[in-house]
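The values are calculated or read from the model by the stated rules, or taken from the named source; none is laboratory data. Quick caveat, the model's predicted, so the values are computed rather than measured. Backbone-built Cβ (ideal geometry, glycine too); neighbour counts: all protein chains shown.
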Number of protein chains: 2
Amino acid sequence: MDIHDLTRSLHVKNESKIVMLVADGLGGLPQSADGQTELEAAKTPNLDALATQGIQGASIPVKLGISPGSGPGHLGLFGYDPIQYLIGRGALEATGIGFELQQGDVAIRCNFCTLDENGNITDRRAGRIASEDSAPLAIRLREVSIPGIKVFVEPVKEHRFVVVLRGEGLAGEVDDTDPQKTGVPPLAPHARNDASQRTAEVAAEFTRQAVELLSDQKQANGLTMRGFAARPQLPSYEEVYGLTAAAIAVYPMYKGLARLVGMNIVGQAQTLAEQIDLLEKHWEEYDFFFIHYKYTDSTGEDGNFDAKVARTEDFDAIIPRVTALNPDVLIVTGDHSTPSFLKSHSWHPVPTLLVSDCCRPDGKQAFSERECITGGLGHFEAKYLMSLALANAGKLGKFGA
Amino acid sequence: MDIHDLTRSLHVKNESKIVMLVADGLGGLPQSADGQTELEAAKTPNLDALATQGIQGASIPVKLGISPGSGPGHLGLFGYDPIQYLIGRGALEATGIGFELQQGDVAIRCNFCTLDENGNITDRRAGRIASEDSAPLAIRLREVSIPGIKVFVEPVKEHRFVVVLRGEGLAGEVDDTDPQKTGVPPLAPHARNDASQRTAEVAAEFTRQAVELLSDQKQANGLTMRGFAARPQLPSYEEVYGLTAAAIAVYPMYKGLARLVGMNIVGQAQTLAEQIDLLEKHWEEYDFFFIHYKYTDSTGEDGNFDAKVARTEDFDAIIPRVTALNPDVLIVTGDHSTPSFLKSHSWHPVPTLLVSDCCRPDGKQAFSERECITGGLGHFEAKYLMSLALANAGKLGKFGA
């Protein structure tokens, strides 16, 4: 069962507004068994005040024990089953650099490599060539010309770049050409089904021309392709929820993920304060706002407990500007936990808070990992959060008579 | 979705060790509404100490309200959906007496019965013939000879015995031959599909020869067949989790269940202390240990509250020897509840405790039915316990980028 099978037919339009504040990697861990998590250690008077008015719970990003990447983490929050809707690596890489994939596009993660005179790979990552050296090479590859196909080439970082193929009859089921070892040539692109045959042919022709264009280069004169992926076909927010939705994010990855579900990308904020400026400015135009805050994740990834505490406090400090707008439903959550203890995304449930005038408050006095496990929302899979949001906003009709 | 679809591709190898202590039938009930359960009444200082370091929750063996047998109870704990993976009755009976089923074997539960001169059943259980009388009869049936088929006959208890057929082209979809009444002959074996046709023919021939071999017997001169079943095809622990796993159990049933998922059966322990001796001895050889303790179940089945309390205390007393080994992940759970109040397996969630350095402790001070329902693991289906174990052991990579 897909929850969208219900929301698609039950959603109704009204004037109410939903704000979803996503503090990336929000959940954490104590540094010792009797210690506090980052969120518990942080002074969060505004979130705690919301907790007294709202209802909280423990959101499971995918399934128990599964640590999601940003893709599945956000798809879950957006209400798309993260196991059913997979974003291929090529598509996620293109999304992450802000490339606007269109329906039918095939994106390919590529690595520059070095080849010897016989065409055998000598370094699979071209000595991890510096970004400033590899970017001009990627741009040179824009000269590749293939009839009927529009080819985009975008630098990423070091030896990595992205190729996007746009044209008729392309599909993404093509095997990697990276042989995973040196002393042999890159593999020929091999289609796993008939629909992807043309993609494999185009990829082979791209590679042929690219090697010609790079033939005078010392640092990188070849390439491998890893992670072919078509743009994922996700039904839109408008279709499944009846929502006109805005995404206010700083980083391209989160704008891209929001774009995949049909949100409009609003503005060019560089700070959380600027994001809230945009929220205020566009308040009348949308009924759903996704606001992404990165630094609770990046500090966790760095393993910096104190910095994560500080960034959590920065996040808390912005809350009054959001509540001043009187959203009908305000959600505070994360796409996964990023405990600084683990320096990585983790499987731990994410403290999630929902405030509305009909949320059935659970009487909690603080917002934290410890409180959320006995909160009124219980322990729930993240993919159900959107139906709760719609219900609290009065945007879901009755199921059955 | 099968959680193994995720674990199969995400598991990684490392040096960490997981111990799963299964106290069979652990969960209980109070004798009156304001009373304590067996686990709450027991003095369990060691489990309570673990609770302060760990995280607990309420494990639902199958689905709410469903009381599992030992087969589905353990499959759930092992992470195999107990509704998807069924162990047929014949296969479970063979497993329970320690018979090592091979892929392609068909096992059949059989009952001795008595037949009159016309071949009609006069007693479907042969007067519940004593085990010491029926065992020689079962052994006599080993004289049955069927070309191309290896036939195993194993006594069980009273009128019950097991037949295992080994050979090419056998499947387990054959109807019971027990007509469920007297005054009529046993039914002919009837295959429910083409693949099981040969099994039905072999079963008919076995029955014909058996009746000849028993023709001079007064106590039991016939048999019925109930519960044909092929060995269940379960993917192995190595395949789905990347784990080399050891099972340390006293009773054949639990060794057999562990063998079905590819665990190695270690030693011949007769007591819990001897089981822990084996755990210590084989500590370096495996990364997962399943240790089965029977007496919390058997005392519950007996309806003996005080004995179950005492056996729970015995179980608690062994904990320090396990923690002394410093397992990276220690799990204490049961395959189902066996409240002495009900004298049977029950549907009640099982208190389940997980301890690791990254488990996110929930601040509980005791391990019990009452505490687990508000624990940090929430209420969860047992089949997700293994993915939690792997995650806490650092043995699961990230899902998606």
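Structural remarks
- Scanning segment A:228-255 for residues that are of a type in the set (Gly, Ala, Ser) and over 17 Å from the mean Cα position of the chain (by Cα) returns a single hit, A:Gly242.
- Taking residues in segment B:378-397 that are within 18 Å of A:Phe380 (Cβ to Cβ), and partners anywhere that are charged (D, E, K, R), the pairs with Cβ atoms closer than 6 Å and at least 6 places apart or on different chains are B:Lys383/B:Asp81.
- Members of segment A:138-161 that are in contact with a Lys or Arg (Cβ under 6 Å, 6 or more places away or on another chain) and in contact (Cβ under 8 Å) with a residue 40 or more places away in the chain: A:His159
- Only one of B:Val322, B:Val309 that is within 30 Å of B:Arg360 (Cβ to Cβ) and buried (at least 20 other Cβ atoms within 10 Å of the Cβ): B:Val322
- The set of residues from segment B:14-33 being in a loop (DSSP other than H, G, I, E, B), in contact with a strand residue (DSSP E or B) (Cβ under 8 Å, 6 or more places away or on another chain) and over 23 Å from B:Ala310 (Cβ atoms) comprises B:Ser16, B:Lys17.
- Which numbered condition B:Gly88 fails, given (1) at pLDDT 95 or above; (2) on the phi < 0 side of the Ramachandran plot; (3) of a type outside the set (Lys, Arg): (1)
- Considering the conditions (1) without any contact (Cβ under 8 Å) to a residue 60 or more places away in the chain; (2) closer than 30 Å to A:Ser9 by Cβ, A:Tyr237 is excluded by exactly one of them, (1).
- Hey, A:Met263 in contact with a strand residue (DSSP E or B) (Cβ under 7 Å, 6 or more places away or on another chain) and in contact (Cβ under 8 Å) with a residue 24 or more places away in the chain or not: yes
- For B:Lys43, the criteria (1) buried (at least 20 other Cβ atoms within 10 Å of the Cβ); (2) over 22 Å from the mean Cα position of the chain (by Cα); (3) away from chain A (no Cβ under 11 Å); (4) not in a helix (DSSP H, G or I) hold in every case but one, which is (1).
- Of the criteria (1) more than 7 Å from chain A (Cβ to nearest Cβ); (2) buried (at least 20 other Cβ atoms within 10 Å of the Cβ); (3) over 28 Å from B:Val309 (Cα atoms), which one B:Leu396 fails: (1)
- The condition of being within 25 Å of B:Tyr85 (Cβ to Cβ), surrounded by fewer than 17 Cβ atoms within 10 Å (Cβ to Cβ), of a type in the set (Gly, Ala, Ser) and away from chain A (no Cβ under 14 Å) holds for only one of B:Ser344, B:Ser298, that being B:Ser344.
- Here A:Asn221 meets the list (1) touching a Gly at 6+ places or on another chain (Cβ under 8 Å); (2) touching a residue at least 60 places away in the same chain (Cβ under 8 Å); (3) over 30 Å from A:His282 (Cβ atoms) almost entirely, failing just condition (1).
- Any chance B:Val163 is in contact with a Leu (Cβ under 7 Å, 6 or more places away or on another chain), part of a strand (DSSP E or B) and modelled with pLDDT of 95 or more: no
- Residue match in segment A:91-104 (condition: within 12 Å of chain B (Cβ to nearest Cβ), assigned to a loop (DSSP other than H, G, I, E, B) and touching a helix residue (DSSP H, G or I) at 6+ places or on another chain (Cβ under 6 Å)): no
- Residue in segment A:304-324 that is within 14 Å of chain B (Cβ to nearest Cβ), under 27 Å from B:Leu377 (Cα atoms), at pLDDT 95 or above and part of a loop (DSSP other than H, G, I, E, B) present: no
- Residue within segment A:331-346 that is of a type in the set (A, V, I, L, M), touching a residue at least 12 places away in the same chain (Cβ under 8 Å) and more than 15 Å from A:Gly25 (Cβ to Cβ) present: yes
- Annotation: of all residues in segment B:49-63 being out of contact with any strand residue (DSSP E or B) (no Cβ under 7 Å at 6 or more places or on another chain) and within 14 Å of another protein chain (Cβ to nearest Cβ), the one that is surrounded by the most Cβ atoms within 10 Å (Cβ to Cβ) is B:Ala49.
- Being at negative phi, crowded, with 20+ Cβ neighbours inside 10 Å and away from every other protein chain (no Cβ under 14 Å) is a property that B:Val355 lacks.
- So A:Asp34, is it outside the structural domain of A:Gly167 (by TED's automatic domain parsing), without any contact (Cβ under 8 Å) to a residue 12 or more places away in the chain and over 18 Å from the mean Cα position of the chain (by Cα): yes
- Qualifying residues in segment B:364-393 (those that are within 11 Å of chain A (Cβ to nearest Cβ) and charged (D, E, K, R)) - the one surrounded by the most Cβ atoms within 10 Å (Cβ to Cβ): B:Lys383
- Any chance A:Val350 is within 13 Å of chain B (Cβ to nearest Cβ), under 12 Å from A:Gly57 (Cα atoms) and in contact with a Leu (Cβ under 8 Å, 6 or more places away or on another chain): yes
- Applying a threshold of 6 Å to beta carbon distances and a minimum spacing of six or more residues, or different chains, the list of pairs starting in segment A:68-90 at a residue that is facing another protein chain (nearest Cβ under 7 Å) and ending at one that is assigned to a strand (DSSP E or B) and surrounded by fewer than 23 Cβ atoms within 10 Å (Cβ to Cβ) reads A:Arg89/A:Gly227.
- Residues considered: B:Gly65, B:Gly35, B:Gly76, B:Gly57. Of these, the only one that is among the small types (Gly, Ala, Ser), at pLDDT 95 or above and at positive phi is B:Gly65.
- Residue check, B:Gly57 closer than 30 Å to B:Arg160 by Cα and either of a type outside the set (A, V, I, L, M, F, W, C) or not in a helix (DSSP H, G or I) (or both): no
- Residues that are polar (S, T, N, Q) and within 13 Å of B:Asn111 (Cβ to Cβ) within segment B:169-197 comprise B:Thr177, B:Gln180, B:Thr182, listed in sequence order.
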